[in-house]
Amino acid sequence: MSEEAERSILEGETRVLLPLQLPGDVDLSPALVEVLGRARVFVLGCYVVPEQTSPEHARSQFEDDAQASIERVSAVLESADIDVETELVFTPDPAHTIDRVSDNLRIDALLWVEAVERIENILTVVSPGVEYDRVVKCLATVATAGNPAVELIEFADNEADETERDLALDGLVARLEDAGLQAAQLDSESRISTSPREDLEEMAGDYDLVVLAYTAEMSNRQFIDDVRRRVGAPVLIVRTES
Amino acid sequence: MGSQQQQGQLERTLGFGEAFTIGIGTMIGAGIFIFPGIAAGRAGLAASVSFGLGAVVALMVALSVAELATAIPKSGGTYYFVAEGLGPAVGAVVGLGLWWGLVFASAFYLVGFGLYIDKITAELGLGWAVSSQTIGIVSALLLTLVNILGTEKSGEFQNLIVGSLLTILAIFVGYGLLDAFGVMGRATVPEDFAPHGIWPIFTTASLVFTSYLGFAGIANMAGEIEEPSKNLPRALIGSVALAGALYVVTILISTSAFGSERLAELGETALVEVGRSYLGQVGAVAILVGGLLATVSSANASLMGSSRSVYALSDDGILPGWVSEINESFGTPHAAIVSAGIPIAAIILFGRVEVLAEVASFLHLVLYGLMCVSAWKLRNEAPDWYNPSFRAPGHPVVPLVGGAASFGLILFMNPASQVIGAGVLLAAWGWYEANRRCRTDESIGPEPEGDDDE
């Protein structure tokens, strides 16, 4: 990445996309609203249309309901003085829509909403070789309100390059401190794991928010969906590759 | 990103590959797996010319359809293509005709599916005597149910089916070509090119035209295709060209392997025997599997296409509004799906394979012919709203010849099919007239395109 591009990611507002799967109601917990306080939020209503129905047909019947669902969410954010924009898309393929809109709007992270009472600790999963710029930027946005504990964990599949990994992790901690997080908030660990996904799902139960740095393995949409469903906490997926 | 008042966007998710697959999946169906025996019996080796003629007509129609679809990218497009060019009455008649055309097509595919199931049970020696009609009816009801429940990501499944089909046909054709040129060291059956003369070539062309039905279904999804000005024409023309080439070669090699008389004796599942003669049991099984996949995927595509036409008609007041209502639990237009599924099951009960196929072709050919006329007229009159991003080459020859050829093929059908087809159109016209007179607000038919705010 060029130095200029790096600067443009780090500078400026953090752009968070809030995908809503419609039809269906979304309850945006006050704790999440608080976390989003410093972000610019884009609410994307994805009205999922089965193959048997033309999106045009679904729009003619469900537009009003769908707009109302989106407005309910955006009203909650607006009342907390958060900058919100909304968009409604009728789509047979929500994954495709989310990717397209994320690219168009230069989104930094996607927040999958889940009911949560308070956010006291955040589990952040990083992988070797990931660009950390957006991870730093997003954590600096979501982890400064209320000073939640931030656990950084890296799953490696073998012992090799351990020193290098530790160094990289220490570097990330240092960058987070530079970005405004307290040293006392931060903890980091590198773990050997043959099944990072199972380990993640198991650990996540103890945390109020899970932050995933998007990697190539996750480009499999099923992976994200599965993790999201099993984790039981809100998941913030940081886009590291665009 | 817009304000809350802005209309919801419609995602375009179909690239060239998906659109092409829809065309191929709809077209390659019962036609090629059912007709070789019947066609060779009627026209001899020249049946390949019949399939070729069908391809040429379909290509000319495809060019006009591509132009119209880029100018009028609406769901249920084919109905609007005619209504915008030739007026609401003609539009309503062909729209209702297409609904039934797809019903007849789907019924034909499902009878073919039944014949293939029959053949498989015979092959396995199960001694299981369920008529192909019963199997067809049960499958029609099952497909209706599955579609009402709604499917997600069935596109991937469809890709798998079409991929397997093309692989089976490619192996079949490759092997057959080597065989026909004597590489396999087996004698081929020499024969006259057109043993029964010229006339059967045309009657056969009108019969086998069913093998090309469905390419216009791509245009019905114009609103969902990415970069439509590029992908629509390519998918339309590419899928017709590939299907046509496969058909012509399949007929040539099947006939050269067995001779047209023997092929005719083998009847509707003749292709299975050709497969067996190339690769033994494996060849027979491959063709049987291909036949099953092809017929059921075409039947399903036609059922969905039919329900989309019903939606367009209901949206324009030609059918009652409740028909297009979407089910809140499943997200699918259940009434529109049933309006296609039940008639399919019903006509399987009464129909013969050849009549079902020809009536389906009849109703489609009327639509195809009128779409060509509409494309020709709109290009000449060039109303302000008519800005196709793809302009078909060869104007005015292509639309006029394509239209004339479409109507021409109808003349070669057997009288029973012509009577039933004309009856359906007449009933459609009667329905439209009765409906129009019952209304005082005259809100029937599409909004003039110029007034459309989209």
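Read-outs: derived from the displayed coordinates by stated rules, not from any lab. Everything quoted here is computed from the prediction, not taken from an experiment. Ideal geometry is used to build each Cβ from the backbone, glycine not excepted, and the neighbour counts take in all protein chains shown.
In the protein assembly as shown, taking the dipole from charged Cβ atoms about the Cα centre, the farthest positive-side position among B:19, A:180, B:274 is held by B:274. Our compactness index for the stretch A:121-238, the C-alpha radius of gyration over the empirical 2.2 N^0.38 Å, is 1.00. The mean number of Cβ atoms from other chains found within 10 Å of a Cβ in peptide A:28-37 is 0, as a whole number. Legend: mean number of C-beta atoms from other chains within 10 angstrom of residue C-beta atoms, peptide B:8-19, equals 6.
On C-alpha positions alone, give me the angle between the axis of helix B:47-71 and the longest principal axis of chain B, in degrees, nearest 10. The angle comes out near 20 degrees. For residue B:9, the amide hydrogen comes within under 5 Å of the amide hydrogens of A:88, A:89, A:90, counting only partners 5 or more places away or on other chains and with H modelled in the peptide plane.
Does chain A classify as rounded, prolate or oblate by the C-alpha gyration tensor (a ≥ b ≥ c root eigenvalues; a/c under 1.5 gives rounded; else a/b over b/c gives prolate, otherwise oblate)? The shape class here is prolate. If the segment from residue B:89 to residue B:395 were pulled out straight at 0.36 nm per residue, it would be longer than the present Cα-Cα gap by 107.6 nm.
Only one residue of B:242, B:427, B:161 has its Cα farthest out toward the positive end of the dipole of the protein assembly as shown, where Lys and Arg carry +1 and Asp and Glu -1 on Cβ, and that residue is B:427. Relative intensity of the stretch A:51-151 on a log10 scale, I(q)/I(0) at q = 0.17, 0.23 Å⁻¹, equals -1.06, -1.42, per a Debye sum over C-alpha point scatterers of equal strength in the absence of solvent. Residues whose amide H comes within less than 5 Å of that of residue B:413, counting only those at least five positions distant or on another chain, are absent (H built at 1.01 Å from N in the peptide plane). Put simply, when A:74-84, B:308-318 are sorted by average Cβ atoms within 10 angstrom per residue, most first, you get B:308-318, A:74-84.
For residue B:145 and residue B:437, the FRET efficiency from 1/(1 + (r/R0)^6), where r spans their Cβ atoms and R0 equals 41 Å, is about 0.65.
Counting only other chain Cβ atoms within 10 Å of each residue's Cβ, the peptide B:323-332 averages 4.
When chain A is treated as a GNM with alpha-carbon contacts under 10 Å, the residue of A:167, A:44, A:88 showing the greatest mean-square fluctuation is A:167.
Could you work out how far the C-alpha centroid of the stretch A:102-168 sits from that of the stretch B:269-323, in angstrom? About 49 Å separates the Cα centre of the stretch A:102-168 from the one of the stretch B:269-323. Protection proxy ranking of A:66-73, B:54-61, by the mean of other Cβ atoms within 10 Å over each peptide's residues and highest first, is B:54-61, A:66-73. In degrees, nearest 10, range 0 to 90: what is the angle between the Cα axis of helix B:88-123 and the longest Cα principal axis of chain B? That helix lies at roughly 30 degrees to the long axis.
Computed as a quarter of the hull surface, the mean projected area of the alpha carbon convex hull for the stretch A:3-112 stands at 7.2 nm². Per the Debye formula on identical point scatterers at the alpha carbon atoms of the stretch B:1-60, with no solvent, log10 I(q)/I(0) at q = 0.12, 0.26, 0.28, 0.30 Å⁻¹ is -0.52, -1.10, -1.15, -1.19. Extension gain, residue B:159 to residue B:193: 0.36 nm times the residue separation minus the Cα-Cα distance gives 8.6 nm. Working note: Debye formula, equal point scatterers on the alpha-carbon atoms of chain B, no solvent; log10 I(q)/I(0) at q = 0.09, 0.12 Å⁻¹ is -0.55, -0.98.
Note on the stretch B:269-322: Kirkwood radius taken over Cα pairs, Stokes-Einstein applied at 10 °C and 1.306 mPa s, translational D equal to 118 µm² s⁻¹. Each label was represented as a point 7 Å from its Cα along the Cα-to-Cβ direction; for residue B:407 and residue A:198 these points are 7.1 nm apart. I'd like the distance between the alpha-carbon centres of the stretch B:92-123 and the stretch B:187-258, rounded to an integer number of Å. The stretch B:92-123 and the stretch B:187-258 have Cα centres spaced 18 Å from each other. Summing charges over neighbours of residue A:101, with a neighbour being any other residue whose Cβ is under 10 Å away from its Cβ, gives -3 when K and R count +1 and D and E count -1. When the Cα positions of A:160, A:37, A:90 are compared along the charge dipole of chain A, A:90 comes out farthest toward the positive end, with charges on each C-beta of Lys, Arg, Asp and Glu.
Shape call for the stretch B:313-392 from the C-alpha gyration tensor, a ≥ b ≥ c root eigenvalues: rounded (a/c under 1.5), prolate (a/b greater than b/c) or oblate?
oblate
Shape call for the protein assembly as shown from the C-alpha gyration tensor, a ≥ b ≥ c root eigenvalues: rounded (a/c under 1.5), prolate (a/b greater than b/c) or oblate? Because a/c hits 1.5 or more and a/b exceeds b/c, the protein assembly as shown counts as prolate.
Which value, in debye to the nearest 20, describes the size of the charge dipole of the protein assembly as shown about its Cα centre when Lys and Arg Cβ atoms bear +1, Asp and Glu Cβ atoms bear -1, and nothing else is charged? All intermediate terms of the calculation are to be shown ahead of the outcome.
Numbers: 38 positive and 86 negative charges, 837 e Å.
Magnitude of the dipole: close to 4020 debye.
Phi-derived couplings, Karplus 6.51 cos²θ - 1.76 cosθ + 1.60 at θ = phi - 60°, listed residue by residue for the stretch A:187-200: 8, 9, 8, 10, 10, 8, 8, 8, 9, x, 5, 4, 4, 4 Hz, with x used for Gly and Pro.
Can you tell me which of B:33-42, B:223-232, B:250-259 comes out highest on packing, and rank the rest after it, using the mean Cβ neighbours within 10 Å?
Order by mean packing, descending: B:33-42, B:250-259, B:223-232.
If R0 is 35 Å, the Cβ-Cβ spacing of residue A:95 and residue B:282 corresponds to a FRET efficiency of close to 0.35. Of the two radii for the stretch B:127-266, the radius of gyration is 1.04 times the Kirkwood radius, both from the alpha carbons; that is the Rg over Rh value. Helical content of chain B, expressed as a calculated mean residue ellipticity at 222 nm, amounts to -24500 deg cm²/dmol (DSSP H runs of 4 or more residues, -39,500 (n - 2.57) each, divided by residue number, nearest 500). Size descriptors for the stretch B:318-365, from the alpha-carbon set: Rg then Dmax equal 14.1, 39 Å.
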